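S.K.: So that we are looking at the same thing, I have put the structure below in structure tokens.
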Amino acid sequence: MEPIRTDFRGYEGQYVATDARTGKIVIADEDPRIVLEKAKGRNHVVVRGRVPHADEPIYVGLG
Amino acid sequence: MSPSTSALAEQEPFPWLYPYREDPQHTRLDQPILRPFVQVSLVNGDESTTMLDGLVDTGADAILASDLLADLLGIDLAEHEGQTQHAIGGRTHLARYKTISLRLHPHDGEIDEYREWHAQVGFIEDWHSYSFVLLGSVGFLDRWTVTASRFAQAIAVEQRETFDNRFGLVEAA
């Protein structure tokens, strides 16, 4: 299968939700509660997590 | 207990396939980081979360989640079923466990299609610096047969009996 790719550039430091089918970011905010609330009940929308800044280390897992 | 299913949508038969997804973290050696995520939501009574990325982690023994989700679900973690210290990312975190329901959704995020089961989840304080849910052995990998292939760039989720049906009963030598 082709992996689902997402362009996270420009969203550093923000929590994001994407369209599960395309990977396109549809919600972003620095407050995770806002992203979780805005995504609730929306079909095909999945909350991904926080986009780190470039100088942050890469976690092995969720960190 | 057998996993229950949504009555609202016609269920797609197993296996459910999930393409690997690009991780929000930056590239490693100039290559994108692709990880085995499945789409899950957490349920407590009438309250449920939105769909979340759940990272499948065969090296983890439990299901762990941010306590932010417990707060949104109205779960009182003061009345936990047990607590354990975990070392994650070089730090120690206290996980307080509660048994709740989880829903596995198909990869396209169809919200009304899911398989539901019960499991103990360890909620960790302020643990959402990156993501929200980690799916380990007890509660997830003992409920489903999961096949991951980075070569195929996909994972397959099937009923838990599938492993024994495919390989027979595996006994220690």
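We did not get these values from a lab; they are worked out from the coordinates using the rules stated. Computed from a predicted structure; not experimentally measured. Note that we place each Cβ from the backbone using ideal geometry, even for glycine, and neighbour counts take in every protein chain shown.
S.K.: Mind ranking B:114-126, B:158-170, B:132-144 by how tightly packed they are, going by the mean number of other C-beta atoms within 10 angstrom, highest first?
M.R.: The most tightly packed comes first, giving B:132-144, B:114-126, B:158-170.
S.K.: With label points built 7 Å along Cα→Cβ from the Cα atoms of residue A:31 and residue B:152, find their separation and express it in nm.
M.R.: Once both label points are built, they end up 4.3 nm from each other.
S.K.: For a bin width of 10 Å, list the pair-distance distribution of the protein assembly as shown built from all Cα-Cα distances, rounded to whole %.
M.R.: Cα pair-distance distribution for the protein assembly as shown, in percent: 7, 33, 39, 18, 3, 0.
S.K.: How many angstrom lie between the C-alpha centres of chain A and segment B:49-69?
M.R.: Here the answer is 15 Å between Cα centres.
S.K.: Sticking with this structure for a sec: Return the calculated 222 nm mean residue ellipticity for the protein assembly as shown, to the nearest 500 deg cm²/dmol, obtained by summing -39500 (n - 2.57) across DSSP H runs with n ≥ 4 and dividing by the residue count.
M.R.: Numbers: 3 runs with 20 residues, N = 236.
The helix contribution divided over the protein assembly as shown gives -2000 deg cm²/dmol.
S.K.: Averaged over its residues, how many other protein chain Cβ atoms are within 10 Å of peptide A:47-56's Cβ atoms?
M.R.: Mean shielding count: 6.
S.K.: Could you rank the peptides B:94-107, B:74-87, A:11-24 by their average count of other C-beta atoms within 10 Å per residue, with the highest value first?
M.R.: Per-residue mean Cβ counts within 10 Å order the peptides as B:94-107, A:11-24, B:74-87.
S.K.: Once phi is turned into ³J(HN,Hα) by the Karplus curve 6.51 cos²θ - 1.76 cosθ + 1.60 with θ = phi - 60°, what whole-Hz value does each residue of segment B:159-173 show in order, with x for glycine and proline?
M.R.: So the Karplus estimates, Gly and Pro as x, are 4, 5, 5, 4, 4, 5, 5, 7, 10, x, 6, 7, 10, 5, 5 Hz.
S.K.: Sticking with this structure for a sec: Mind checking B:40-52 for the average number of partner chain beta-carbons within 10 Å of each residue's beta-carbon?
M.R.: 3
S.K.: For segment A:1-52, what percent of Cα pairs sit more than 14 Å apart?
M.R.: On the way: 585 of 1326 pairs.
Roughly 44 percent, once rounded to a whole number.
S.K.: I'd like the distance separating the alpha-carbon centroids of segment B:75-105 and segment B:141-167, in whole Å.
M.R.: Here the two parts' Cα centres lie 25 Å apart.
S.K.: Mind giving me the FRET efficiency for residue A:54 and residue B:71? R0 is 41 Å, r the Cβ-Cβ distance, nearest 0.05 is fine.
M.R.: That gives a FRET efficiency of 0.85.
S.K.: Please give every one of the lysines within straight-line cross-link reach of residue A:24, meaning a C-alpha to C-alpha distance under 20 Å, and leave out same-chain neighbours fewer than 8 residues apart.
M.R.: List returned: A:38, A:40.
S.K.: Further question: Choose one answer from B:61, B:46, B:23: the residue with the largest mean-square fluctuation in a GNM of chain B with alpha-carbon springs under 10 Å.
M.R.: B:46
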